[in-house]
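Chemist: Please see the structure below; I have some questions.
The values are calculated or read from the model by the stated rules, or taken from the named source; none is laboratory data. For clarity, every value in this text was computed on a predicted model and none was experimentally measured. Neighbour counts run over all protein chains shown; Cβ positions are idealised from the backbone, glycine included. The accessibility values were calculated without ligands, DNA or RNA, using every heavy atom of the protein model including side chains. Shrake-Rupley method; radii C 1.70, N 1.55, O 1.52, S 1.80 Å.
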Amino acid sequence: MSGKTYYITTPIYYVNDVPHIGHAYTTLACDVMARFMRLDGYDVHFLTGTDEHGQKVEKAAAAAGMAPQAFTDKVSQAFRDLIPKMGYSPDNFIRTTEPRHYRACQALWEKLVAAGDLYLGKYAGWYSVRDETYFAESETEVGPDGKRRAISTGADVEWVEEASYFFRLSAWQDRLLAFYEQNPRFIAPESRRNEVISFVKGGLQDLSVSRTTFKWGVPVPNDPAHIMYVWLDALTNYITETGYPDPSAPNAKYWPADLHMVGKDIVRFHAVYWPAFLMAAGVAPPKRVFAHGWWTIEGQKMSKSLGNVVAPAALVDTYGLDQTRYFLLREVPFGNDGDFQRRAIVQRMDSDLANTYGNLCQRVLSMINKNCAAAVPVAGPLQAADSALLDRAAALLPQVRTLIGDQAFNEALITIWDVIGDANRYVDAQAPWALGKTDPARRDTVLWVLAEAIRRITLLVQPFMPTATAKILDQLAVPAQARSFAAMDTALASGTALPAPEGVFPRFVDPEAPAKPARAA
Ligand code: ME8
């Protein structure tokens, strides 16, 4: 393993409810990053987990008639069950109720006290339990139901008045702005970066970081009447995992994190509060925060009351694992909002997967099976069209590496599919089935070129569709140790025996569609 580390995190999800497609999306994006970086030779650490404290979770537990710990054990399991279902490959799953996390939170707190960045005061203001966020009065309005709510999120707010520790966030404005300036890649996409910078330029208030009116959280050291604000607790999970405060912990080498992946709703916590807490405690801030957009469902906001919440497991059951993964990252430019439509997923399954990529693999592999004694064909001298296709396939790795580095997942897929399109056009133009009669050696060369292009393409598709690509690479007899990008230039060896080909991307068959009427005679 090389010394290059890559630490990537998902948000830790609240256990007030079971996972939906939005949660699955964030973790999927991280999974693709993690798999790509592993294949590219990095020592990757990929962390996900659950955020188990706070008033929102406490209330959800009470509503379920359960003790908070028993409730969080149950709901947290639903997030762990999603890991095999969605094909995620995390290195660890963290829970904020673990003792190691209490230690890290309390150590961070003590550092903030020692730095003079915490003071005791009194909070009087609005609080949204759903968002676990404080709001200034100007950020709220009275809704049609007469209740006060947060303008940005629509969540009800309640008046809170209690003793509280404050973090001197107001003192960090200039240092945060300087940090953004010196680290132009810290917040992405650009629109979010601009949003954060203008928020910070607008002036920062000190932040209430402890609560005294409920109990479900990490106690403040030396003042256990206070429990830590759930966001200070939650953000700390990222360094709990690296063994904080122990600099010689085995995972310490992973800090600072290379990427915190988050939804656009929580960018402020990650890009403003978190680097301020860390800098105040003398810990390096993370390198990058990417805030992706939100999914709506068939044009509507996803909500329990509308009954349109999409469960990721149901998608996998209906459309398939690789198909679901492909669709979510192909359909929408990463960073933008997207609308989930069943029609669109079926369309992508049929056109991009079955008809384009699947068809390429299927026809090439079955021609090889039939005509080349089920072995990698022998390549003769290459013609210009052969080299053109191989060159385009070889150019993909650096192109895709750059796009993945920018989290431009859909562009990466478009770039790869352009070459799949070229390969399909090359099959049509070369017509290897016809060459069989006139020039079998040339036919074999054409089939070798195609198999080699499929190998390069498939190596790159692995992070997105791990199951289907493993089958395709098996059909090309690519050994397990030759599937990383270090082996990108190790061409298929002529004469290697190949197993019988089978299709990996079926067209979508709607189980509810009426049977087709028999054709009239
Ligand atoms: O915010 N579309 O947890 P959470 C896309 N515990 N993504 C969505 C989405 C949608 N419709 N809905 C949710 C929390 N998400 C905190 C995080 S981190 C230290 C603490 C995704 O359970 C998106 O990534 O409310 C969002 O940021 C996350 O789920 C919020 O999950």
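Chemist: With (1) within 16 Å of the ligand (Cβ to nearest atom); (2) at positive phi as the list, and Ile187 as the residue in question, which single condition is left unmet?
Modeler: So Ile187 meets the others, but not (2).
Chemist: Could you please find all residues in the range 1-42 being small (Gly, Ala, Ser) and more than 12 Å from the chain's Cα centre (by Cα)?
Modeler: If the condition is that a residue be small (Gly, Ala, Ser) and more than 12 Å from the chain's Cα centre (by Cα), then Ser2, Gly3, Gly41 are the ones that fit.
Chemist: Here's a follow-up. Given the criterion within 11 Å of the ligand (Cβ to nearest atom), modelled with pLDDT of 95 or more and over 20 Å from Arg130 (Cα atoms), identify the matching residue among Leu315, Leu321, Leu328.
Modeler: Being within 11 Å of the ligand (Cβ to nearest atom), modelled with pLDDT of 95 or more and over 20 Å from Arg130 (Cα atoms) holds for just one of Leu315, Leu321, Leu328, which is Leu328.
Chemist: When the residues of the range 259-284 are narrowed to those that are open to solvent by 20 Å² or more (accessible area, probe 1.4 Å) and away from the ligand (no atom under 16 Å from the Cβ), which ends up farthest from Ala115 (Cα to Cα)?
Modeler: Only one residue tops the list, namely Ala284.
Chemist: Tally time: how many residues in the range 469-495 are open to solvent by less than 50 Å² (accessible area, probe 1.4 Å) and either over 23 Å from Leu396 (Cβ atoms) or outside any loop (DSSP other than H, G, I, E, B) (or both)?
Modeler: Going through the range 469-495 one residue at a time, the tally reaches 8.
Chemist: While we're looking at this one, here's another question. Of the numbered conditions (1) open to solvent by 10 Å² or more (accessible area, probe 1.4 Å); (2) within 14 Å of the ligand (Cβ to nearest atom); (3) of a type in the set (Asp, Glu), Glu241 fails exactly one; give the number of that condition.
Modeler: Condition not satisfied by Glu241: (1).
Chemist: Picking from Gly49, Gly22, Gly3, which residue would you name as being farther than 24 Å from Ala284 by Cα and either touching a residue at least 60 places away in the same chain (Cβ under 8 Å) or open to solvent by 50 Å² or more (accessible area, probe 1.4 Å) (or both)?
Modeler: Gly22
Chemist: Has the range 193-205 got at least one residue that is among the hydroxyl-bearing types (Ser, Thr, Tyr), assigned to a helix (DSSP H, G or I) and more than 16 Å from Phe269 (Cα to Cα)?
Modeler: The answer is no; no qualifying residue exists.
Chemist: Something else now. Take the residues of the range 285-296 that are touching a residue at least 60 places away in the same chain (Cβ under 8 Å) and either under 24 Å from Ala311 (Cα atoms) or hydrophobic (A, V, I, L, M, F, W, C) (or both): which is surrounded by the fewest Cβ atoms within 10 Å (Cβ to Cβ)?
Modeler: Per the criteria, the residue is Trp294.
Chemist: Considering only the range 120-142, state which residues are surrounded by 13 or more Cβ atoms within 10 Å (Cβ to Cβ) and assigned to a loop (DSSP other than H, G, I, E, B).
Modeler: Within the range 120-142, Val129, Arg130, Asp131, Glu132 qualify.
Chemist: When you check Lys215 against the structure, is it away from the ligand (no atom under 16 Å from the Cβ), surrounded by fewer than 23 Cβ atoms within 10 Å (Cβ to Cβ) and in a helix (DSSP H, G or I), yes or no?
Modeler: no
Chemist: Among the residues of the range 163-175, is any open to solvent by 60 Å² or more (accessible area, probe 1.4 Å), at pLDDT below 95, over 30 Å from Pro333 (Cβ atoms) and not basic (Lys, Arg)?
Modeler: Scanning the range 163-175, I find no residue that is open to solvent by 60 Å² or more (accessible area, probe 1.4 Å), at pLDDT below 95, over 30 Å from Pro333 (Cβ atoms) and not basic (Lys, Arg), so the answer is no.
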